[in-house]
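Notes follow once the structure below has been shown.
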Amino acid sequence: MNEQPSALAGHLDAGQRPPQDAQAQPAHDAAAAPIVQFRDVSKTYDGLGNVIDRLNLDIGRGEFLTLLGPSGSGKTTLLMMLAGFENPTEGDLLLDGRSLDHTPAHRRNMGIVFQSYALFPHMSVRRNIGYPLLQRGMAKAEIARRVDEALRMIHLDGFGERLPAQLSGGQQQRVALARALVFRPDIVLMDEPLGALDKQLREEMQIEIKHLHAALGVTVLYVTHDQSEALTLSDRIAVLDKGVILQVGTPEQIYETPNSSFVANFIGEMNNFPGTVREDEGVCMVELDCGVTVQATNAIAAKPGMRVNVAVRPEQTILSQPKADDTGAIPATVRSKIYHGDHLRYEIEVDGCADIMARTTVAAPERLSVGARVALRWAAGSARVLDARQAR
Ligand code: ADP
Ligand code: MG
């Protein structure tokens, strides 16, 4: 980005309108050399256990990559190592193919945004945003010009002379964002930046961050425990649990083809049917604990005899009135029905098995009443055989 005459000014227009096609291919080139590489990185704080455990991850130039995982899974630790505030206990961290071992935090040229805005309370918005430029020895006039651009970019022109305390939470976080971007960093690290905002503001800010990323082409490493935020923002998501990346992929890949029960259940809602693999010759047949044998996609190379979870999304489950010749359907009972305006949710008790959720359109031909006996099935290919790890 450094060769551009003005990183922010050149993109102001683009930054203020939605991308032409939200589904367009990400700006980054997956085939190009990654900008960041974690190579067998481990981190222990106390010498006892690994908080990050031999982790490998490449981040593409210009990519928006999200680390998604529950609290304590090691997201902040990973980010702090890249920022240079923590050192890996083992392994290598590369930036543009070169080791970061001897590069201190202030020379890594990364913008950072935390959940707590960390603005200087006694400095005006202008001085907060201009601070990284002042630190870099930039001339006053150039700083003023760049700060003006940044204020426009975050839709806060006219707010430059205010103190942080005179802004709303969302406005303060936009100032923190501008301060992290104003010096044209190669990479921006964001650690739960929207965590303190209410739902509506959070969703607005997600769209703004997405636009800024598209407009500036900067590489973003984003941390969140919020799966819907990860789905909304990311080119790719890395799902982290206990310091280990379980799966990396596009939002579609993570949602539609999870490779473990943890990922399947962490992203979106999932129904889990415990069972035992009976056959895996071409098609995988699983005898569910409720007695019905079903076909499912074997995502974990499970062998006959193995205990597994058959996972099906609520929106893939199909409910109908039971018929005499219902082979392959799972007998169940409707326990509750909730009207959500655009869809209906049924809570279903499967005979001799788990309780599950089904989701149908309001216009579904068969509306079922509470207490009704139903036949449960799903579209071919929508059930996945995953590990039997206890669903969350
Ligand atoms: P996350 O950001 O995903 O919530 P963290 O990276 O903050 O997770 O923490 C991962 C694990 O490392 C947790 O078990 C946490 O208690 C531990 N941890 C984090 N920072 C320190 C520290 N400075 N000293 C000791 N343990 C830490
Ligand atoms: Mg954290």
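The values are calculated or read from the model by the stated rules, or taken from the named source; none is laboratory data. All of these numbers come straight from a predicted model, not from anything done at the bench. Cβ coordinates were reconstructed from backbone atoms using ideal geometry, including for glycine residues, and neighbour counts include every protein chain displayed. Accessible surface is based on the protein model in full, side chains and every heavy atom, while ligands, DNA and RNA are left aside. Shrake-Rupley method; radii C 1.70, N 1.55, O 1.52, S 1.80 Å.
Ignoring ligands, DNA and RNA, what accessible area per residue does the chain give at 1.4 Å, in Å²?
Values: 18420 Å² over 392 residues.
Roughly 47 Å² per residue, with all protein chains present.
How high is the FRET efficiency from Ala380 to Glu203, r the C-beta distance, R0 35 Å, rounded to 0.05? Intermediate values should be presented prior to the final figure.
Details: r = 35 Å, r/R0 = 0.99.
Given R0 = 35 Å and the Cβ-Cβ separation, E is 0.50.
For Thr89 and Thr333, FRET efficiency with R0 = 45 Å and r from the beta-carbon atoms, rounded to 0.05? Write down the numbers at each step before the final one.
Numbers: r = 53 Å, r/R0 = 1.18.
That gives a FRET efficiency of 0.25.
Express in whole angstrom the spacing between the alpha-carbon centres of segment 218-269 and segment 158-213.
Between the Cα centre of segment 218-269 and that of segment 158-213, the gap is 23 Å.
Any chance you could look up the accessible area of Lys323 with a 1.4 Å probe, heavy atoms only, rounded to 10 Å²?
Solvent-accessible area, nearest 10 Å²: 120 Å².
Quick one: with all protein chains in place, what share of the accessible area of the chain is carbon or sulfur, to the nearest percent (1.4 Å probe)?
Details: 9130 of 18420 Å².
Carbon and sulfur together cover 50 percent of it.
Computed over the Cα atoms of segment 144-205, what is the convex hull's projected area averaged over all directions, in nm²?
Working: hull surface 18.3 nm².
Answer in nm², one decimal: 4.6.
Give me the distance between the Cα centres of segment 309-380 and segment 270-284, rounded to whole Å.
Rounded to whole Å, the Cα centres lie 20 Å apart.
Could you give me the radius of gyration and the Dmax of segment 83-169, taking only the C-alpha atoms into account and expressing both in angstrom?
Here Rg and the maximum Cα pair distance are 16.3, 48 Å.
Helices from the chain with mean Kyte-Doolittle at least -1.0 and a Cα length along the axis of 15 Å or more, per DSSP H: which?
On the way: long enough: 125-135 (16 Å, -0.27); 140-153 (20 Å, -0.58); 169-181 (18 Å, -0.24); 199-216 (25 Å, -0.57).
In the chain, the long hydrophobic H runs are 125-135, 140-153, 169-181, 199-216.
Tell me the Rg and the Dmax, in Å, that the Cα atoms of segment 20-261 produce.
Over segment 20-261's Cα set, Rg and Dmax evaluate to 17.9, 56 Å.
Could you please put Thr89, Thr327 in sequence from largest to smallest accessible area, using a 1.4 Å probe? Working shown, then result.
Working: Thr89 70, Thr327 125 Å².
The residues order as Thr327, Thr89, largest area first.
Can you send over the solvent-accessible area of Leu133, 1.4 Å probe, protein chains only, in Å² to the nearest 10?
Spelled out: Leu133, probe radius 1.4 Å, area about 0 Å².
Quick check of the Kirkwood formula: for segment 273-386, what is the inverse mean of 1/r over all pairs of different Cα atoms, in Å? Mind dumping the intermediate values first?
On the way: mean 1/r = 0.0690 Å⁻¹.
Hydrodynamic radius (Kirkwood, Cα only) of segment 273-386 equals 14.5 Å.
Quick one: of the DSSP bridges fully inside segment 273-386, what percent are antiparallel, nearest 5?
Antiparallel: roughly 95 percent of the beta bridges in segment 273-386.
Return the percentage of antiparallel bridges among DSSP beta bridges fully within the chain, rounded to the nearest 5 %.
Details: 59 of 79 bridges.
Here the antiparallel bridges make up roughly 75 percent for the chain.
To the nearest 10 Å², what's Tyr339's accessible area with a 1.4 Å probe?
Counting only protein heavy atoms, the figure is 150 Å².
I need the calculated FRET efficiency for the pair Asn109 and Ser228, taking r as the beta carbon distance and R₀ as 25 Å, to the nearest 0.05. Can you show the working numbers first?
On the way: r = 31 Å, r/R0 = 1.25.
That gives a FRET efficiency of 0.20.
Explain nothing, just the number: relative contact order of segment 273-386, from Cα pairs under 8 Å at least 6 residues apart, as a whole percent. Intermediate results must be reported in sequence, preceding the final value.
Values: 264 pairs, mean separation 36.9, N = 114.
Contact order relative to length: 32 percent.
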